[in-house]
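Below you'll find the structure, written out as structure tokens, and then a few comments.
Any read-out appearing in this document is the output of simple, stated calculations on the displayed coordinates, not a laboratory observation. All of these numbers come straight from a predicted model, not from anything done at the bench. When we count neighbours, we look across all protein chains shown, and the Cβ atoms used for this are built from the backbone with ideal geometry, even at glycine.
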Amino acid sequence: MNKTNGMKTFLKALGNLVKKPVTVKYPFEQTYIPDDYRGLIEFDESLCIWCRRCEMVCPPGAIVFSQDMEGKHTYHYNRAVCIYCTECVRTCPKEGAIYQTAQPASCALKAENINNGWNALFEEALKSRAAYAAEKKRLAAEKAQAAKKDSALTIKQQGKCTNSP
Amino acid sequence: MSKQYEIPVGAQHISLLEPLHFKFTTENEKIISTAANVYYVHRGIEQACCSKFKFRQVSFVVGRVCGLCSISHTTAYSQVAEKLLNLEIPRRAKYLRMLVIELDRIHSHLLCLIHVSENAGFEALFMKTMQYREFSMELLEAICGNRIQYDFSIVGGVARDLKLPVAHEVVGRLKRFKPELDELMDIFMHNWTLSLKNKGSGKITRETAMRLNVVGPFARAAGLAIDVRNETEDLLPWKEVGFEMITGEDGDVHARNIVRLKEIYVSINIIENIINGLPESELVTETKAFPDGEAVVRLEAPRGELFYYAKGNKTQVLERLKIKAPTFSNIAGMVEGFTGNEYGSVPAIIASYDPCLSCTAR
């Protein structure tokens, strides 16, 4: 190494003493986040048509709809299970019902019981939907039966009964 | 004959980045023979893809096979699914896929160089290269919306469009990166300390590389001109965007470093060409068909040839998905490359192979 090169290195080293660090002091400074960052998924209940397509396409199963006995849907979303792939937004037939924000998700806490709690909730939601469907089926069958009885009664009363089925 | 010792390295070792086990038989610090053991991180991804997930969701699952070449896996899967569906994707989607693959190659190659310099004991170069690599991560985050898991390719096209300010930023940042890359090239070429560990170690000849079916920069450094980008034109038009084959001669750690650095120049060139001539079209071709039949796809991942095989049966769930990662092809060559080297240069040699065991074991 010749003399000028050594001097150059020395000056560069001196310059490095006063240079700002390259790293970001993370919890105190915000790291780089682009404008269209893939962040939290938001849901607008007033626009939703309850087709449940977002639930069907979601790869990790981070969205689930439960249903009460009156048939009203409730939307559940788990930010720790979500992989932010935007597949739900892409498949949604009603624009704006489900959309992505640039807001990064906060950390999952132990108190939230985000894994087991979510699994239990997921199964419960599926059960609630099955229960509603069964109830609806039962009611429909009852109604059909009642209608049949009713029509048979009226036909009998009118005395125009034929043997054809 | 002097006494022989067996030295195990791994599956957990300070110089290893991923679980990989080597058993070296040494004599006077010289390695005589090596045995390798992989598959410590088997996750059953292939089985999950064929049972739990629908075929459109699989492209997000296979992205999780590897953190470094995530886009290569998603693109390869998307292509194989498109073959099963007989789907022609829009031109713009093809170019955007190539753009992200090449940006990913830049960051993956730089990471490999970082590990080589660190494992050779050159900590200052490790930090410098890490600093220079950050631009590619930020660009990928700006394009795909996420730093590591891009989820960019989907079946039928790409998920997001390249916006104009982002395209300007990519070009500007690449322009700023070029002098930094020249500086790295100079250090890796001429640094005397680094050459002590790099030149002549981990050598593999062209004939051995050909016999053992080595792929990727590992093979190209030994003078074997194999690159999927050079061989296939039907799925992604590589030659149209200015692909050039880079080969080395010596087949040692130094040659691999130089091949990787030169490939970064080619990648920069490809990205600039893509952005300058990006065609206008739709992003996704929609279809309601189900996959049927069998298909095979090859794609050049940063580490070499990535191979996907898929079989569909006209249902939502695939019947079979097979992933063959580049590191799996390279294991035989890796074992061969150690012979005749000093035990002390093993960490640098392992890093220069750029092994990705999570890909291999899936």
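Taken along its principal axes, the alpha carbon cloud of chain B reaches lengths of 70, 45, 32 Å, longest axis first.
What is the average number of partner chain Cβ atoms found within 10 Å of a Cβ in A:33-40?
Working: counts 5, 14, 5, 8, 6, 9, 2, 0.
Going residue by residue through A:33-40 and averaging, the value is 6.
Which helices count as membrane-span-like in chain B under these terms: full DSSP H, at least 24 Å along the axis by C-alpha, Kyte-Doolittle mean of 0.0 or more?
Values: long enough: B:91-119 (42 Å, 0.09); B:123-144 (31 Å, 0.21); B:164-190 (39 Å, -0.03); B:253-276 (35 Å, 0.44).
The answer, listed by residue number, is B:91-119, B:123-144, B:253-276.
Would you calculate, for chain A, the mean residue ellipticity at 222 nm contributed by helices, counting each DSSP H stretch of 4 or more residues as -39,500 (n - 2.57) and dividing by all residues, to the nearest 500?
Helices in chain A give a 222 nm mean residue ellipticity of -14000 deg cm²/dmol.
Going down the table (A:LYS94/B:LYS288; B:LYS175/B:LYS262; B:LYS83/B:LYS239; B:LYS30/B:LYS128), which pairs top 26 Å between alpha carbons?
Working: A:LYS94/B:LYS288 19 Å; B:LYS175/B:LYS262 16 Å; B:LYS83/B:LYS239 21 Å; B:LYS30/B:LYS128 32 Å.
The answer is B:LYS30/B:LYS128.
Computed from the alpha carbon atoms alone, the convex hull of the range B:39-176 holds 113 Å³ per residue. Cβ-Cβ distance of B:VAL171 and B:GLU29, R₀ of 56 Å, FRET efficiency by 1/(1 + (r/R0)^6): the value works out to about 0.65.
Considering only A:GLU142, A:GLU124, A:GLU55, the Gaussian network model of chain A with Cα springs below 10 Å gives its largest mean-square fluctuation to A:GLU142. Binning all Cα-Cα separations of the range B:169-216 at 5 Å, short to long from zero, yields these whole-percent fractions: 5, 17, 13, 12, 14, 16, 13, 9, 2.
Of the trypsin sites (Lys or Arg not before Pro) found in the range A:70-165, those in coil by DSSP whose Cβ has at most 12 other Cβ atoms within 10 Å are A:LYS72, A:LYS160. Rounded to the nearest 0.05, the FRET efficiency derived from the C-beta distance between B:ASP292 and B:SER2 at R0 = 45 Å is 0.10.
Taking label positions 7 Å along the Cα-Cβ direction at both A:ASP36 and B:ALA48, the computed distance is 2.8 nm, reported to one decimal. For chain A, the longest principal axis of the alpha carbon atoms and the long axis of helix A:116-158 meet at an angle near 20°.
Compactness check for the range A:38-98: Cα Rg over 2.2 N^0.38 Å is 1.06.
Could I get the Rg over Rh figure for the range A:4-150? Both from C-alpha atoms, Rh via Kirkwood, rounded to two places. Don't skip to the answer; put the middle values down first.
Numbers: Rg = 26.1 Å, Rh = 19.8 Å.
Here Rg/Rh amounts to 1.32.
Under the combined filter of DSSP loop state and at most 12 neighbouring Cβ atoms within 10 Å, the range B:147-236 retains these GluC sites (Glu not before Pro): B:GLU233.
Taking the Cβ of B:PRO326 as the center, what net charge do the other residues with Cβ under 11 Å away carry, scoring Lys and Arg +1 and Asp and Glu -1? Each step should come with its number before you reach the end.
Values: positive: B:ARG298, B:ARG303, B:LYS324; negative: B:GLU300, B:GLU305, B:ASP354.
Net local charge, B:PRO326 excluded: 0.
Note on chain A: GNM, Cα springs under 10 Å; of A:PRO34, A:PRO60, A:PRO93, the largest mean-square fluctuation is that of A:PRO34.
Under a Cβ-Cβ cut-off of 15 Å, what is the net charge of the residues other than B:GLU305 that fall near it, where Lys and Arg count +1 and Asp and Glu count -1?
Details: positive: B:ARG105, B:ARG220, B:ARG229, B:ARG298, B:ARG303, B:LYS322, B:LYS324; negative: B:ASP227, B:GLU231, B:GLU263, B:GLU300, B:ASP354.
So the surrounding residues net to +2.
Structure remark: mean-square fluctuation, Gaussian network model of chain A, C-alpha springs under 10 Å; the largest value among A:THR31, A:THR23, A:THR91 belongs to A:THR23. Restricting the trypsin sites (Lys or Arg not before Pro) of the range B:275-313 to loop positions (DSSP other than H, G, I, E, B) with no more than 14 neighbouring Cβ atoms within 10 Å leaves B:LYS288. Relative to the longest principal axis of the Cα atoms of chain A, the long axis of helix A:3-18 lies at roughly 50 degrees. Each part gets one Cα centre, and for the range A:9-46 versus the range B:156-217 those centres are 25 Å apart.
Quick check on the protein assembly as shown: what does the Kirkwood estimate of hydrodynamic radius come out to from the alpha carbon pairs, in Å? Can you show the working numbers first?
Working: mean 1/r = 0.0380 Å⁻¹.
Here the Kirkwood hydrodynamic radius works out to 26.3 Å.
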